[in-house]
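Colleague: I'd like to ask some things about the structure below.
All of the numbers you see were taken from the coordinates with simple rules; none came from a lab. Only a predicted model underlies this, so the values are computations on that prediction, with no experimental measurement involved. Neighbour counts run over all protein chains shown; Cβ positions are idealised from the backbone, glycine included.
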Ligand code: NAD
C-alpha cells in the first residue's frame, strides 16, 4: 500500500474500539505514527491490542490514557506527544458516547456528560492541536498544510433524533465548532473537516444490527443497502488527512450509504 502520510504523527481519541480503532489502523497503514488514546484504566488492554496490531504490521505508536473532557489530562497528552515525537500533524477528534433518554426524563447529568465528552472534548483537543500547529507552521516536505483536524460528527449533525437530544445537540455543535475554527485558521493553512458516519458496525450501536431482524429495519434507512464498517471511515480519514484533499476545509463528508438522502421520500412524496 502507498504510504501517503509517511512519517506524520496523529493523535486519535477514543481509539481503543470501533471507528477510532479503524482510523488508527488505516492511518498507520498509510505511514502515520499513532497515539492510541483511551479514557480509563479499563480501556487500556483494548488500546494496547490496537497498538499491537499496528506494530505487528510494521507501524509505530503509543497508547495514552486521557479523558478528553478533562482539560489538564488533554493538555498533558498533547504536551507528551510533542515531547515524544517532536511534532504533531493530525488530530482525529473521535471520542464520543450516547446516554439516551426521553427528553422529559433527561437528567442534567446525562445532558452534561454527553456534551462534556462529545463537544467539550473536541473543543479541548482541537485547541491544543491548533496551538501546536500554529507554533510549527508548515514543515517543508511533510504536508502542504500546517496541520489537519478531523472531527467525528454524525449524520445526526443534520438528522434530528428523538430520544437522543443530548447526542444530536453535541453533533450539531461539533459541526459549527468545526466550521468556525476552519474559517478562523484557514489563513494559517490549518485544515479542519468532519466525517459524518451513518450506521457503522461498532459497539456504540450493537443492538441496531446484532440480529438479522434489527439489521433489516436499519437497512430501511440506508439506500446503499449495507451497514457500514469501520474501514469505510478509515479510508475517508486517510484521504482527508492527506494532501489529496488540500483544498478542502470546513466540510462534513457524510460516509453513510445515502442515509442523509431522506430515503423515505424515494417512494412517497
Ligand atoms: P465506540 O463506543 O466503539 O467508540 C467510542 C470511543 O470513545 C470508545 O473507544 C471509548 O472508550 C471512547 N471514549 C468515551 N469517552 C471518552 C473520553 N471521555 N475520553 C476519551 N475517549 C473516550 O463507538 P464508535 O461508533 O466507534 O464511535 C466513535 C465516534 O463515531 C463517536 O464520536 C460516535 O458518535 C461517532 N459515530 C458513530 C456512528 C456509528 O454508527 N458507529 C455513527 C455516527 C457517529
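Colleague: Are any of the residues in region 40-58 away from the ligand (no atom under 15 Å from the Cβ) and crowded, with 18+ Cβ neighbours inside 10 Å?
Modeller: yes
Colleague: When region 224-233 is examined, which residues are found to be buried (at least 17 other Cβ atoms within 10 Å of the Cβ) and assigned to a loop (DSSP other than H, G, I, E, B)?
Modeller: 227
Colleague: I need the full set of residues from region 102-141 which are buried (at least 17 other Cβ atoms within 10 Å of the Cβ) and in contact (Cβ under 8 Å) with a residue 60 or more places away in the chain, in order please.
Modeller: Across region 102-141, the qualifying residues are 106, 121, 125, 126, 129, 130.
Colleague: Kindly indicate whether residue 145 is more than 10 Å from the ligand (Cβ to nearest atom), crowded, with 17+ Cβ neighbours inside 10 Å and over 17 Å from residue 260 (Cβ atoms).
Modeller: yes
Colleague: Hey, does region 1-16 have a residue that's out of contact with any helix residue (DSSP H, G or I) (no Cβ under 7 Å at 6 or more places or on another chain), more than 22 Å from residue 244 (Cβ to Cβ) and within 12 Å of the ligand (Cβ to nearest atom)?
Modeller: no
Colleague: Can you say whether residue 233 is in contact (Cβ under 8 Å) with a residue 60 or more places away in the chain and in contact with a strand residue (DSSP E or B) (Cβ under 7 Å, 6 or more places away or on another chain), as far as the supplied structure shows?
Modeller: yes
Colleague: List the number of the failed condition for residue 78; all other conditions in (1) assigned to a loop (DSSP other than H, G, I, E, B); (2) more than 13 Å from the ligand (Cβ to nearest atom); (3) touching a residue at least 60 places away in the same chain (Cβ under 8 Å) hold.
Modeller: Here residue 78 clears every test but (1).
Colleague: Let me ask something else. Looking only at region 130-170, which residues are in a helix (DSSP H, G or I) and under 16 Å from residue 103 (Cβ atoms)?
Modeller: If the condition is that a residue be in a helix (DSSP H, G or I) and under 16 Å from residue 103 (Cβ atoms), then 156, 165, 166, 167, 168, 169, 170 are the ones that fit.
Colleague: Could you give me the residue pairs with C-beta distances under 9 Å whose first residue belongs to region 194-211 and is in contact (Cβ under 8 Å) with a residue 12 or more places away in the chain, whose second residue is assigned to a strand (DSSP E or B) and near the ligand (Cβ under 6 Å from one of its atoms) wherever it lies, and which are 6+ apart or on separate chains?
Modeller: Final answer for the pair search is 194/152; 195/152; 196/152; 197/152.
Colleague: Which of the residues spanning region 87-123 are over 16 Å from residue 15 (Cβ atoms), near the ligand (Cβ under 10 Å from one of its atoms) and part of a helix (DSSP H, G or I)?
Modeller: 113, 114, 116, 120
Colleague: Can you pull out the residues in region 179-223 that are within 21 Å of the chain's Cα centre (by Cα), more than 10 Å from the ligand (Cβ to nearest atom), surrounded by fewer than 20 Cβ atoms within 10 Å (Cβ to Cβ) and not in a loop (DSSP other than H, G, I, E, B)?
Modeller: Residues satisfying the conditions are 179, 180, 183, 184, 186.
Colleague: Here is a list of conditions, (1) touching a residue at least 60 places away in the same chain (Cβ under 8 Å); (2) over 16 Å from the mean Cα position of the chain (by Cα); (3) under 24 Å from residue 200 (Cα atoms), and residue 153 meets all of them except one; can you say which number that is?
Modeller: (2)
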